[in-house]
Every structure is written in C-alpha cells, then in structure tokens.
1. Do we have residue 272 as in contact with a Phe, Trp or Tyr (Cβ under 9 Å, 6 or more places away or on another chain), of a type in the set (Val, Ile, Thr), open to solvent by less than 40 Å² (accessible area, probe 1.4 Å) and closer than 26 Å to residue 51 by Cα here?
2. Has segment 47-58 got any residue that is out of contact with any Pro (no Cβ under 9 Å at 6 or more places or on another chain), of a type in the set (Ser, Thr, Tyr) and in the same structural domain as residue 119 (by the TED database)?
3. For segment 47-78, give me each residue that is free of Cβ contacts under 8 Å to residues at least 24 places away in the same chain and open to solvent by 80 Å² or more (accessible area, probe 1.4 Å).
4. Could you tell me which of the residues 42, 18 is more than 26 Å from the chain's Cα centre (by Cα) and touching a residue at least 60 places away in the same chain (Cβ under 8 Å)?
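The values are calculated or read from the model by the stated rules, or taken from the named source; none is laboratory data. Note that the coordinates shown come from a computational prediction; the quantities given were computed from them, not determined experimentally. We place every Cβ from the backbone using ideal geometry, glycine too, and count neighbours over all the protein chains shown. Areas reflect the complete protein model, heavy atoms only, side chains present, ligands, DNA and RNA absent. Shrake-Rupley method; radii C 1.70, N 1.55, O 1.52, S 1.80 Å.
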Amino acid sequence: MILGITLLVFLVLQAAPGDQASSALGDGASEEAKQQYRQENGLNDPLVIQYFAFLGRLLQLDLGVTTPPAKSVAAMIGSAFPLTLQLTFLGVLIAIVLSLTFGILGALYRDKWQDQLVRVFSIAAIATPSFWLGILLIQWFALGASPLFPSGGIATPESGFGGWLNSMALPALALGIPVSASLIRVVRTSMVEELDRDYVRTAIGNGVPYREVVSKNVLRNALVTPVTVLGLRVGYLLGGAVVIEMIFALPGMGQLILNGITNLDVNLVQGVVLTISVTFVLVNIVVDLLYLLINPRIRTV
C-alpha cells in the first residue's frame, strides 16, 4: 500500500502544471540556468528512472530540500508534524468520548426522548463541515469582550500544559465533533444488536445485574465495529487537521503543504503527503492489533 502511495503521489505531482526549474530559480532565470538545473536534478530523465531514484532517496529517509532558500524537507516535517499529531490525537479523543457517551445513551434508551436527542445531534454534526464549525467556534468563544480561548496560534512553551490545551481546544473540537457523529451511529447500532442477543437475556434471567452485563459483555463485544470505523476515520482526521490548522493559524503540516503547492515545491509536497499517508497506514495496523485486546477470540480465527 505504501509503495502504491509513493507511485500515485509521484505521478500526480509530475502531472501538475508548472515548471520545477522556474519555481526553483525564478521566472527571471535564463533558459541555460533552467536547463542546467533540470540536468543536475534528473528532471530530463525518463519518469521510470526518476521514480526509482525517488524511491532510492526514500529508503535513505532523504526527502530532499525545498526550493531556494534550500531547507531540509525532513527537518521541516520533523518540526511541523508533532503539532499535527497532537491536534489529531485530541480530535480522536473528543470523538471517542462523544461517540461512546451518546452512542451508549441512545442504545440504552432506545426510541425514547434521550435517543431522539442523540439522533438529532448526530445528524446535525454529520452535516457540519469541520472548517465551518471552526469559524463558528472562533466567533462564539474567541471573539468579543471576554474571549474564553485564543482565536489562533499555538501557546509558547512558557505557558505550560494549560496554555497548550487552551490554544488547542477549539481546533480539536472543530476536528472531533463531525467525526464523532458517524461513530455515534455505529456505536448505537452495535450496542442495540448486542443487547438483543440471547446471552444478554440469559444472563439477566440468571440474576446477573443489568449494569454488569452491559459493562463487561455487551460493551466489549459492541466495540469491534466502532474501532474499525475509527481506524478508517483517522485518515479524515489527519486530512482535516491540515485544513483546521490553516483556520487557526497553527504551524503544522497544513502550512507546509500550502507553501509547497503555492511554490510548486515537489519535494515538500511529496514529503508531507507521504508522511500523512504512511501514518494512516500505520494507525490502521495498530487498529487491527487492538482487535485482539477487545475480542481475544479473533486470535483463533
């Protein structure tokens, strides 16, 4: 899968309009200087040779340098990617808390007013784009006479954990709430299916407390499908984090990829996209391993 990603990213960027030599040297550079740049960087070679040269650099963790002023792409990603991971982690945490809380509530109070409220919230959240929600959160909580949160930027290290959390709260909410909506419906459906199974009625008939049956058996069995969906939604969270970073002026991967696209910096765009894609693949591997913790019977399948 990772190999396919590298090929797709390489071909898409090769087909992008513009000239790498002109972007690196400027439109005022002479044609001889541009031709020399293409020759030195292998841009005149066939695409197959360029692709394998690209793979060879990747195996050495060499993502190249940006267009002048030349900076290491790996170093730039190393400084920006942790912030994107932090935002994604907080978004995942918010999505998990909301989906479990409202999904379980809707299943336990099936077809009652609590369940109806959960459905209304999930439908409204699904229909709300994260970037629009981010703008609304800024208007509600960051602007006005007494703002509760900053409208953008990241807190300085001197602010400590409280300052960091304060600056990341609104971006994380804008990222996590839309994702929680689809998870709420999955959690509710899985819980309802498990509550209707025979072993639940048998356990309750034998005198096992309802709360214990739900917490120890129903919930554990119902979490397999939501975990699968959450692993797939991580890709959306990573991509959404890039957009949310731009809205809240966070110096993460969003700023890097915007600069790379604007300047036709192929190395920078390739590095950012590959980093996010490989992270998504690794997260889904971790999700597969979590199945063994949630349901040990999978080991025997």
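1. yes
2. No, because not a single residue in segment 47-58 is out of contact with any Pro (no Cβ under 9 Å at 6 or more places or on another chain), of a type in the set (Ser, Thr, Tyr) and in the same structural domain as residue 119 (by the TED database).
3. Result: 48, 49, 52, 57, 59, 60, 61, 69, 71.
4. 18
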